[in-house]
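The values are calculated or read from the model by the stated rules, or taken from the named source; none is laboratory data. Because the structure is a prediction, the values reported are computed rather than measured. As a convention, Cβ positions derive from the backbone with ideal geometry for all residues, glycine included, and neighbour counts pool all protein chains shown. Side chains included, ligands, DNA and RNA excluded: accessible areas come from the protein's heavy atoms. Shrake-Rupley method; radii C 1.70, N 1.55, O 1.52, S 1.80 Å.
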Amino acid sequence: MKKRVLSVALTAAMVASMATVPAITVQAADDELIVVGYAQVGAESDWRTANTESFKSTFTEENGYKLIFDDAQQKQENQIKAIRSFIQQDVDYIVVAPVVETGWETVLEEAKEAGIPVILSDRQMQVSDDSLYECWVGGNFIKEGETAGQWVADYLEEKGRGEEEINMVTIQGTIGASAQVGRTEGFGNIVAQHENWKMLDMQSGEFTQAKGQEVMESFLKSYDDIDVVICENDNEAFGAIDAIKAAGKTCGPEGDIIVISFDSVKAAFEAMIAGDLNATFECNPLHGPRVDEIIKKLEAGEEVEKIQYVDEAYFDTSMDLEAILAERAY
Ligand code: GYE
């Protein structure tokens, strides 16, 4: 690990000579700040916006940091470029929310050679040598998918549809992103337990509202009896709901099609209150303070847990959504 040079901003003599000056603000010298490069995925969803905001409001100069923020516009090659530029700028820590899970070995080796610790946040990476990164903090995507599947099973049972033939479609996230991989796998584990459930189709909506709408439009053209739509994030669900309405169908608790999604951003609560969305499975984006805590531990030479899952809940229309929404941070 590199050492920062601590400089004394004001010498005793300078302070003494300023004794008569009424109020002075002592700014931390630049080299006292911990420099963090954050290679962010993009700005594709409300979740992502909340995540960016969490980093920007945590890694401030008042908190002792200088943040170099890079938005990769959902492209791995841009993230790799950003990491290389962080290495060139000799930052103290590199934080990455990897767009996809694979293809990181080379650039992580470059960071390791430069002695710069790498912290993964949000999505995971698959690397053969896990000493290439310090630790990871994020949501348990497989568990989120399983919770969602179990919710659908309980909901259908409650509606007396437990034995009915159920047709489903999935609007997936960015293919190869761990949020996509985990949610698809988790939900699939529950589908496998129900012989009467049929997954008609799965296509990527890239975690965006526009693409979610497009994919749903094409599903509606291909299949006329969709019972459940699984959207791998809330924004895709907002697009899907628009497509369902434009096709003259209805959705939500009182409608023809059950719609569920992941993230639980504020707009998802509004969609549930409006009666369009059935349920949303939480994924917490507020990783800024968690990464701050990890860096503080590393600075103090303490051990950090390699894999750190965040606790997550879910929300549906049987709950007092107005009250929960009033307390929601994102
Ligand atoms: O669900 C989605 C975002 O990786 C958990 O990325 C994150 C996902 C989140 O675009 O909205």
What does the highest-first list of 275-284, 78-87 look like by mean Cβ count within 10 Å? 275-284, 78-87
To the nearest Å², the heavy-atom accessible area per residue of the chain with 1.4 Å probe amounts to 46 Å²
Give the residue list of GluC sites (Glu not before Pro) in segment 173-270 that are DSSP loop and have at most 16 other beta-carbon atoms within 10 angstrom. E195, E254
Dipole magnitude of the chain about its Cα centre, charges +1 at Lys/Arg Cβ and -1 at Asp/Glu Cβ only, in debye to the nearest 20? 1100 debye
Residues of segment 79-122 with the amide nitrogen closer than 16 Å to a label point 7 Å from the Cα of S128, along Cα-to-Cβ, please. 102-110
Answer rounded, prolate or oblate for segment 161-288, using the Cα gyration tensor with square roots of eigenvalues a ≥ b ≥ c: rounded when a/c is under 1.5, else prolate when a/b is larger than b/c, else oblate. rounded
With +1 on the Cβ of every Lys and Arg and -1 on the Cβ of every Asp and Glu, the dipole magnitude of segment 57-179 about its Cα centre, in debye rounded to the nearest 20, is 300 debye
Share, in percent, of DSSP beta bridges within the chain that are antiparallel, nearest 5: 5 percent
Low-density loop GluC sites (Glu not before Pro), segment 60-156, at most 13 other Cβ within 10 Å, DSSP non-H/G/I/E/B, are E61, E62
What percent does the relative contact order of segment 66-158 come to when contacts are Cα pairs within less than 8 Å and at least six residues apart? 22 percent
Looks like segment 167-224, by Cα gyration tensor root eigenvalues a ≥ b ≥ c and the a/c under 1.5 rounded cutoff (else prolate when a/b is bigger than b/c, oblate otherwise), is oblate
Dipole in debye (nearest 20) - segment 256-330, about Cα centre, beta carbon charges: Lys, Arg +1; Asp, Glu -1: 200 debye
Using the beta-carbon distance between E327 and T60 and R0 = 35 Å, what value does 1/(1 + (r/R0)^6) give for FRET efficiency, to the nearest 0.05? 0.90
Note to self, the chain gives a 222 nm [θ] from helices alone (DSSP H runs n ≥ 4, -39500 (n - 2.57) apiece, / all residues, nearest 500) of -12000 deg cm²/dmol
I'd like the distance separating the alpha-carbon centroids of segment 45-107 and segment 284-330, in whole Å. 18 Å
Using a 1.4 angstrom probe on heavy atoms only, work out the carbon and sulfur share of the accessible area of the chain in %. 48 percent
Could you order peptides 92-98, 153-159 by the average number of other Cβ atoms within 10 Å of their residues, highest first? 92-98, 153-159
With each label point set 7 Å from Cα along the Cα-Cβ vector, what nm distance links E293 and E32? 2.7 nm
Nonlocal amide H pairs with I68, under 5 Å, H built at 1.01 Å: V36, G37, Y38
Under the Karplus relation with 6.51, -1.76 and 1.60 and θ = phi - 60°, whole-Hz ³J(HN,Hα) for segment 69-84, x at Gly and Pro, equal 9, 10, 9, 8, 6, 6, 10, 4, 4, 5, 5, 4, 4, 4, 5, 5
